Amino acid sequence: MSLVLVRIATALYAVAAVLYVAFFSRPRHLRLASAGFWALLVGFAVHAGAIGAGCAAHGGREFFTLRGGVVLAAWLGAGAYLVLARLYRMPSVGAFVTPLLLVVLTPTLFGESDAPAVPAEVVRHSAFHVTAAVLAVALFGIACGVSLMYLLQEREVKGKRFGALFSRLPSLDALDQLNQRLVRVGFVAFTVALVLGTVNAVALWKTAWSWDPQVVSSVGIWLLYGAMVQLRHTGWHGRRYALLTVTGFVVLVGAMLTLRVVPGATRHSGSYGTVVQAEGTE
Amino acid sequence: MSGRTLHLVGLSHHSAPLEVRERLALSGEALRDALVELRATSGVDEALVVSTCNRVEVLVYGEGEGAARAFFTARAPDAAAHLYAREGTQAVRHLFRVAASLDSMVVGEQQILGQVKEAYGLASGAGAAGPYLSRLCNRAFAAAKRVRTETEVGRGITSLSQVAVELVEKIFGTLTGRAILLLGAGKMGALSAKALAALGADRVLVANRSAERGLALAEAVGGVFRDFAELPHLLTEADVVIVSTGAPAFVVTREMVGVAMKARRRRSLCLIDLSVPRNVDPACGELADVYGYDVDDLERVVSATHEARQGEAGRAEAIVQVEVDAFEREREARAALPVLAQLRRHAEQIALAEAERTLAHLGGALDDRGRKSVEAMARAIVNKLLHGPTARLKAAASSGDTALPGAAAQLFGIEGEAREPAQPRVEDKPPGAAEGGESREDGVRLKA
């Protein structure tokens, strides 16, 4: 993927973030928010170009690295937010999502882009698996941001602090609803990723289940979010739900980073197929 | 100040008690008649009456405040003690401050501008407002608009029921599909319930110990009467509970709410206690998903608004001052315009007369084109000569300098009234010392 294009996209996200934050501090100027939306949209398009260029050059192998995954997650997150911005009239959410994009993307801007030697067979099989998983992570990330907004607003409302935050943040009910929907859609994407992953495992590793740490932690996270979707029906909402969403995302990011940083911890990085195929042929 | 100017006589919540104000307040036909009567008084060129529940003010543009004062003393002899009077720039400033809601009981309230606009509409409909008041009012409205958009004076919440609405909006968004419970028959409670029902609540439930008052209240707020004994159950049904009973102790207890929350499957519940002494145990607010507020919490928001508005008032006053100055400058500039017009007319007459004389001398030596060129040259000389003085006179007038227009009138020997120039000959101009004596008076008159 073209680092230059990612840098340009990040710069545009920075512009969007500045506009959204300016809108948050001056809520009367709605134009700032719509300018932010357009900056984000253009950034998203450039970002799409970067990802397309990457796929053309290396056949998508880059997105099997942590850096590539983060770039993809940020792109899907930006896209998801653009859809949300059209569906809900809550421009103040932009002031929380766009800076998050920047924080996530900034570490990917430095150093050389590397394309690991992922076997072509793995890449071919896993394109949708990876995309679905990364989309789920992006949606859970936005849900986490929305939950933080909920917790902030809850503190203001419950603590009778009727200040600037109180008037600028959306209503508790709106944030709670949005959070719940994001978790639900994210859970669906995550389920798809798990199903595709199982199919891939059968095809590549000749077994549906293995005690690979990535597989184990993914199932754990899937159960956690599944429980959240289920708890909603029993009346869980508001503060407890928001706390759960934040916890879920922290666990998810923690597991992801740990597994990527420790070499050889999981078959989801490093050698992938070589070991597997050797096992498979025996 | 002498001559025609703006006079304002009035009384307001600052100076007069309600009993006096309500006797003087006018509206509709009576106000129209009063305007016509004022306008018919000699020495009054234009008139405007602003009459609201907080103020009655009469503005007249003319030669004295007598007519305005008489307006009050004729209607209520004891009003004289409460009257205040302003004139000239002070009167202009007063009207601007009133329109910008800086003189209001609740500074920054938005109704007064509409009321002043209405007063102006009536005055111009009755033929009482002329060009002066039209310019004055338009400028006042523009100043008020600037104050509203450029300062925070009109921002914030000023009533308890508005605070309740704001709170409920931040918790529930809208009230579509939700129910409001009004507990007790307090006046504030009813007001708040009405304001909240406007958020789109599906149902308003009313519970009161006395069924008779409860039924009447239910009808007044468009709700359904329910028995007070049902309270524990009602807490599971309603999402917003407004409590204003006269009970001496807690009517809604923590235990009661705790049970209700389980039955509600933890759906959020907002308790607004408007009663003093409190009727809702403050400990209820400690429960998860329960949001409890009492009168003090709501009052705090209102007083914060007042404080913020007081802080912004200084900026608003500065804007008003700028607008008043601009209005006065424009008025003076307009006063300088007659001098300019006369100066030009005077010069053009001389030029044309000289051109004609020249043409007569030449006889038939020139054709039509030649004649036109001579006339054009004469006009061009006038324009070139007057270009500088015109620009400077306009600039001087718009910066409030009235001395220069006066001096110009004196220097060029222009009379106040448009009359035939004494001598159309250029040579007559320098020995115009005698004329100068006359036009000094004109200069003074123009200044006034």
Q: Take every Cα-Cα pair in the stretch B:180-240 and report what % of them are more than 17 Å apart.
A: 28
Q: Return one number: the angle in degrees, 0 to 90 and rounded to the nearest 10, between the long axis of the Cα atoms of helix B:111-125 and the longest principal axis of the Cα atoms of chain B.
A: 40
Q) Can you give the angle from 0 to 90° between the axis of helix B:211-221 and the longest principal axis of chain B, with both taken from C-alpha atoms, to the nearest 10? A) 40
Q | Residues of the stretch B:257-303 buried by at least 10 Å² on assembly (accessible area, 1.4 Å probe, chain alone as reference) | A | B:ARG265, B:ARG266, B:SER268, B:GLY285, B:ASP289, B:TYR291, B:GLY292, B:TYR293, B:ASP297, B:ARG300, B:VAL301
Q: Report the residue, chosen from A:LEU84, A:LEU231, A:LEU151, that carries the largest GNM mean-square fluctuation when chain A is represented by alpha-carbon nodes joined by springs under 10 Å.
A: A:LEU231
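Heavy atoms only, probe 1.4 angstrom, no DNA, RNA or ligands counted: give me A:MET256, A:MET149, A:MET90 ranked by accessible area, highest first.
Values: A:MET256 60, A:MET149 0, A:MET90 25 Å².
Largest accessible area first, the list is A:MET256, A:MET90, A:MET149.
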Q.
Under the rule of at least 5 residues apart or a separate chain, name every residue whose amide H is placed under 5 Å from the amide H of B:ALA129.
A. B:ALA47, B:SER124
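Give me the percent relative contact order of chain B, please, defined on Cα pairs under 8 angstrom at least 6 residues apart. Walk me through the numbers on the way to the answer.
Values: 690 pairs, mean separation 52.0, N = 448.
Computed value for chain B: 12 percent relative contact order.
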Q | For A:TRP205, solvent-accessible area (1.4 Å; no DNA, RNA or ligand), Å² | A | 40
Q: Please name whichever of B:LEU183, B:LEU18, A:LEU105 sits farthest to the positive end of the charge dipole of the protein assembly as shown, dipole taken about the Cα centre and charges placed at Cβ: Lys and Arg +1, Asp and Glu -1.
A: A:LEU105
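Given Cα positions, please report Rg to Rh for the stretch B:206-252, the hydrodynamic radius being the Kirkwood one.
Values: Rg = 10.5 Å, Rh = 11.2 Å.
Reported Rg/Rh, Kirkwood definition of Rh: 0.93.
Just the number please: accessible area per residue for the stretch A:72-230, 1.4 Å probe, all protein chains included, in Å². Working shown, then result.
Values: 6830 Å² over 159 residues.
About 43 Å² of surface per residue is accessible.
Would you kindly state how much longer the chain becomes between B:ALA326 and B:ALA353 on full extension, computed as 0.36 nm times their sequence separation minus their alpha carbon distance, in nm to one decimal?
On the way: separation 27, 0.36 × 27 = 9.72 nm, distance 4.05 nm.
Working it through step by step, the gained length comes to 5.7 nm.
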Q) Can you give the Rg and Dmax of the stretch B:181-288 based on its C-alpha atoms, in angstrom? A) 12.7, 36
Q.
So if I place +1 on the C-beta of Lys and Arg and -1 on the C-beta of Asp and Glu, and nothing else carries charge, what would the dipole magnitude of the protein assembly as shown be about its Cα centre? I want it in debye, nearest 20.
A. 1560
**Q.** For A:236-243, mean number of other protein chain Cβ atoms within 10 Å
**A.** 2
Q.
Given the options B:HIS7, A:PRO263, B:SER303, identify the residue whose Cα lies farthest towards the positive end of the charge dipole of the protein assembly as shown (+1 on Cβ of Lys, Arg; -1 on Cβ of Asp, Glu).
A. A:PRO263
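Per residue, how much accessible surface does the stretch A:1-47 expose to a 1.4 Å probe? Answer in Å², no decimals.
Numbers: 2350 Å² over 47 residues.
With the other protein chains kept in place, the stretch A:1-47 gives 50 Å² per residue.
For the stretch B:252-405, what is the convex hull volume of the alpha-carbon atoms per residue, in Å³?
On the way: hull volume 33.5 nm³, N = 154.
So the per-residue Cα hull volume is 217 Å³.
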Q: Give the distance, in whole Å, between the Cα centre of the stretch A:1-55 and the Cα centre of the stretch B:27-104.
A: 58
Q. Per-residue accessible area for B:HIS233 at 1.4 Å probe radius, Å² rounded to 10?
A. 100
Q) From the backbone phi of the stretch A:217-223, what are the Karplus-calculated ³J(HN,Hα) couplings (6.51 cos²θ - 1.76 cosθ + 1.60, θ = phi - 60°) in whole Hz, Gly and Pro given as x? A) 5, 4, 5, x, 5, 4, 5
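Let's test the formula: R0 of 41 Å, r as the Cβ-Cβ distance of A:VAL4 and B:GLU152. What FRET efficiency results, to the nearest 0.05? Please list the in-between numbers first.
Values: r = 45 Å, r/R0 = 1.10.
Approximately 0.35, to the nearest 0.05.
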Q) Going toward the positive end of the dipole of the protein assembly as shown, with +1 on Lys and Arg Cβ and -1 on Asp and Glu Cβ, which of B:HIS94, B:VAL257, B:LEU113 do you reach last? A) B:VAL257
Q) Accessible area per residue of the stretch B:270-412 at 1.4 Å probe, in Å²? A) 52
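In deg cm²/dmol, rounded to 500, what helix-only [θ] at 222 nm does chain B give when every DSSP H run of at least 4 residues adds -39500 (n - 2.57) and the total is split over its residues? Kindly include the intermediate steps, with their values, before the conclusion.
Working: 15 runs with 252 residues, N = 448.
Here the helix-only value at 222 nm equals -19000 deg cm²/dmol.
For the A and B pair, go ahead and give the buried accessible area with a 1.4 Å probe, both sides summed, in Å² to 100. Numbers along the way, then the final one.
Numbers: alone 13760 and 22530 Å², together 34500 Å².
Counting both chains, the buried surface is close to 1800 Å².
If you wrap a convex hull around the alpha carbons of the stretch B:252-332, what volume per residue comes out, as a whole number of Å³? Write down the numbers at each step before the final one.
On the way: hull volume 10.4 nm³, N = 81.
Dividing the Cα hull volume of the stretch B:252-332 by its residues yields 128 Å³.
As a check on your grasp of the helix formula, calculate [θ] at 222 nm for chain A: sum -39500 (n - 2.57) over DSSP H runs of n ≥ 4, divide by the residue count, round to the nearest 500. Display every interim value, and only then the final one.
On the way: 10 runs with 218 residues, N = 282.
For chain A, the value works out to -27000 deg cm²/dmol.
Of all accessible surface on the protein assembly as shown at a 1.4 Å probe, what whole percent is carbon and sulfur? Don't skip to the answer; put the middle values down first.
Numbers: 20750 of 34500 Å².
C and S fraction of accessible area: 60 percent.
Shape of the protein assembly as shown from its Cα gyration tensor (a ≥ b ≥ c, root eigenvalues): rounded if a/c is under 1.5, otherwise prolate when a/b > b/c, or oblate?
Numbers: a/c = 4.52, a/b = 1.63, b/c = 2.77.
Oblate shape, in that a/c is at least 1.5 and b/c is the bigger or equal ratio.
With every protein chain kept in the model, how would you rank B:GLU22, B:GLU166 by accessible area, 1.4 Å probe, largest at the top? All intermediate terms of the calculation are to be shown ahead of the outcome.
Working: B:GLU22 115, B:GLU166 55 Å².
Reading off the accessible areas and sorting them downward yields B:GLU22, B:GLU166.
Of B:HIS94, B:HIS82, B:HIS387, which has the most accessible area with a 1.4 Å probe, and how do the rest follow in descending order? Provide the component values of the computation, followed by the final result.
Details: B:HIS94 15, B:HIS82 45, B:HIS387 130 Å².
Accessible-area ranking of B:HIS94, B:HIS82, B:HIS387, largest first: B:HIS387, B:HIS82, B:HIS94.
Hey, got the average number of other protein chain Cβ atoms within 10 angstrom for residues in A:148-155? Working shown, then result.
Working: counts 0, 0, 0, 0, 0, 2, 3, 0.
Partner-chain Cβ atoms within 10 Å, mean over residues of A:148-155: 1.
To the nearest whole number, what is the average tally of beta carbon atoms from other chains within 10 Å of the beta carbons of peptide A:167-173? Please list the in-between numbers first.
Details: counts 5, 0, 1, 2, 7, 7, 8.
Whole-number average of other-chain Cβ neighbours for A:167-173 is 4.
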**Q.** Residues of type lysines that B:LYS117 reaches as a straight line, Cα spacing below 25 Å, ignoring anything fewer than 8 places off in the same chain
**A.** B:LYS145
Q.
With both bridge residues required to lie in chain B, what share of the DSSP beta bridges run antiparallel, to the nearest 5%?
A. 45
(Q) Need one word for chain A: rounded, prolate or oblate. Basis is the Cα gyration tensor (sqrt eigenvalues a ≥ b ≥ c); a/c below 1.5 gives rounded, then a/b vs b/c decides. (A) oblate
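When Lys and Arg each count +1 and Asp and Glu each count -1, what net charge do the other residues less than 15 Å away from B:THR158, Cβ to Cβ, add up to? Intermediate values should be presented prior to the final figure.
Details: positive: B:ARG148, B:ARG155, B:ARG300, B:ARG309; negative: B:GLU109, B:GLU152, B:GLU166, B:GLU299, B:GLU307, B:GLU312.
Value of the local net charge: -2.
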Q: Enter the angle in degrees (range 0 to 90, nearest 10) between the Cα long axis of helix A:94-105 and the first principal axis of the Cα atoms of chain A, meaning the one along which they spread out most.
A: 30
**Q.** Solvent accessible area, Å² - B:CYS53, 1.4 Å probe, full protein context
**A.** 90
Q) Which whole-Hz couplings ³J(HN,Hα) result when phi for each residue of the stretch B:54-60 is put into the Karplus expression 6.51 cos²θ - 1.76 cosθ + 1.60, θ = phi - 60°, listed in order with x for Gly and Pro? A) 9, 7, 10, 9, 10, 10, 10
Q. Let a ≥ b ≥ c be the square roots of the eigenvalues of the Cα gyration tensor of chain B; is it rounded (a/c under 1.5), or, if not, prolate (a/b larger than b/c) or oblate?
A. prolate
Q. Between A:ARG184 and A:LEU224, what length in nm is gained on full extension when 0.36 nm per residue of separation is reduced by their alpha carbon distance?
A. 13.2 nm
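The values are calculated or read from the model by the stated rules, or taken from the named source; none is laboratory data. Computed from a predicted model, the values in this text were never measured in an experiment. Glycine gets a Cβ as well: all are built from the backbone with ideal geometry, and neighbour counts include every protein chain shown. Each accessible area value is taken on the protein alone, full model and side chains, heavy atoms only, with ligands, DNA and RNA left out. Shrake-Rupley method; radii C 1.70, N 1.55, O 1.52, S 1.80 Å.
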